[in-house]
1. Might you let me know whether the range 213-236 holds any residue that is surrounded by fewer than 21 Cβ atoms within 10 Å (Cβ to Cβ), acidic (Asp, Glu), modelled with pLDDT of 95 or more and closer than 23 Å to Ala122 by Cα?
2. Kindly indicate whether Ala41 is more than 16 Å from ligand 2 (Cβ to nearest atom), surrounded by fewer than 17 Cβ atoms within 10 Å (Cβ to Cβ) and under 20 Å from Val88 (Cα atoms).
3. Would a scan of the range 51-63 turn up a residue that is small (Gly, Ala, Ser), within 16 Å of ligand 1 (Cβ to nearest atom) and on the phi < 0 side of the Ramachandran plot?
4. Out of curiosity, is Gly315 outside any loop (DSSP other than H, G, I, E, B) and within 19 Å of Gly98 (Cβ to Cβ)?
5. For the condition more than 18 Å from Gln247 (Cα to Cα), surrounded by 16 or more Cβ atoms within 10 Å (Cβ to Cβ) and of a type outside the set (Lys, Arg), what is the one hit in Asp169, Asp146?
6. Please verify whether the range 106-124 includes one or more residues that are at pLDDT 95 or above, within 16 Å of ligand 1 (Cβ to nearest atom), within 18 Å of Pro313 (Cα to Cα) and β-branched (Val, Ile, Thr).
7. Exactly one of these conditions fails for Thr280: (1) out of contact with any Pro (no Cβ under 7 Å at 6 or more places or on another chain); (2) in contact (Cβ under 8 Å) with a residue 60 or more places away in the chain; (3) of a type in the set (Ser, Thr, Tyr). Give me its number.
8. Could you say which residue among Gly178, Gly139, Gly192, Gly182 is over 21 Å from Gly257 (Cα atoms) and without any contact (Cβ under 8 Å) to a residue 24 or more places away in the chain?
Amino acid sequence: MLILGVDTSCDDTGVGVVELRPDGSVAVRANRVWSQAVHAAYGGVMPELASREHVERIDRVMQDALQEAGITVSELGAVAATSGPGLVGALLVGLMYGKGLAQALDIPFYATHHLEGHIYAAASEEALSAPYLALVVSGGHTHLFDVPQDGQYVLVGATRDDAAGEAFDKVARLAGLGYPGGPAVSEAAKRGDPKAVAFRVPLAGQSGYDFSFSGLKTAALLAHRAGAKPEDLAASFQAVAVKSLVQTSVRAAHDLGRQTLVVSGGVAANAALREAFGRTGLRVVFPGRGLNTDNGAMIALAGAAAIRAGRAPHGLSDGAEAYAPLARA
Ligand code: ATP
Ligand code: FE
């Protein structure tokens, strides 16, 4: 079965096609993302502009995805679209596009949680089956979920302030490294000394599994004012951020007896983070290329998992939700 996935939760218009084979395996057949450049001038995402751009672009992105997959629209067997969390006006564009398409083709529609999409992005590489631990590190989330059964999420830890990606973005901005921040910090860090600035691992010694990045951001600002080189600041910040994410996740995995850890979301593209998680001895699964930051294929992969699990499709009257926790602590 061919599943179309649509994500318009923020400022990327993403459409992907995933094939769900009779044996339950999946393959990403297409993944097209239009990243909106219009927001750069404002230094942040302007919700109204994001919605308008999605409306203007979505059909083009969809046609490109179908072409990449080498299929026509009539070959689709199901549609999945993000219903939350995200910017409501932006979400509504993809949601209504997906619903309209499903209705016109008379095929099932699956409203999909954005974070479940980020987690299932890793299914592009290896079959995901519970139990496992999932760390979502993105622009808006740093959430650690225990997944005792497929489709069941227990929040075991989260950031108390800034998300990891947000911290990368802010450190990049204060050090004048440009935008987007994550890749800029990662690039500058290659030329810097990770020991140049002595950052302390946040919440060291805690018994829980929370994260905190706002103190690091302030410490980075002070180091910047004290004359730290941008490359050294980037390398030192990246090293402590990665250490914090790895230490806490590994401790949780040991305490909960989980051998598999899924690490996904935009920050999972970070090479230093991938290397550090690779040394933990756990089975660590990352999303494939182009599937870390927001995209439509990850939503189709989550849709494929719902279909494989025999979950009922959603009605066409379900709405978009700005705030939609995947699980509560
Ligand atoms: P959310 O999913 O929480 O709503 P989002 O969808 O905006 O947030 P993503 O698209 O998953 O977030 O990820 C974007 C974030 O990932 C940005 O903060 C960006 O700086 C960060 N990021 C991207 N590439 C890298 C990298 N190589 N290293 C570190 N961070 C990165
Ligand atoms: Fe996201």
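The values are calculated or read from the model by the stated rules, or taken from the named source; none is laboratory data. Note that this is a predicted model, so its numbers are computed, not measured. Note that we place each Cβ from the backbone using ideal geometry, even for glycine, and neighbour counts take in every protein chain shown.
1. Checked against the condition, which is being surrounded by fewer than 21 Cβ atoms within 10 Å (Cβ to Cβ), acidic (Asp, Glu), modelled with pLDDT of 95 or more and closer than 23 Å to Ala122 by Cα, the range 213-236 yields no hits at all.
2. no
3. yes
4. It is false that Gly315 is outside any loop (DSSP other than H, G, I, E, B) and within 19 Å of Gly98 (Cβ to Cβ).
5. After ruling out the rest, the residue left standing is Asp169.
6. Yes; the residues of the range 106-124 include at least one that is at pLDDT 95 or above, within 16 Å of ligand 1 (Cβ to nearest atom), within 18 Å of Pro313 (Cα to Cα) and β-branched (Val, Ile, Thr).
7. In the conditions (1) out of contact with any Pro (no Cβ under 7 Å at 6 or more places or on another chain); (2) in contact (Cβ under 8 Å) with a residue 60 or more places away in the chain; (3) of a type in the set (Ser, Thr, Tyr), Thr280 misses (2) alone.
8. Gly178
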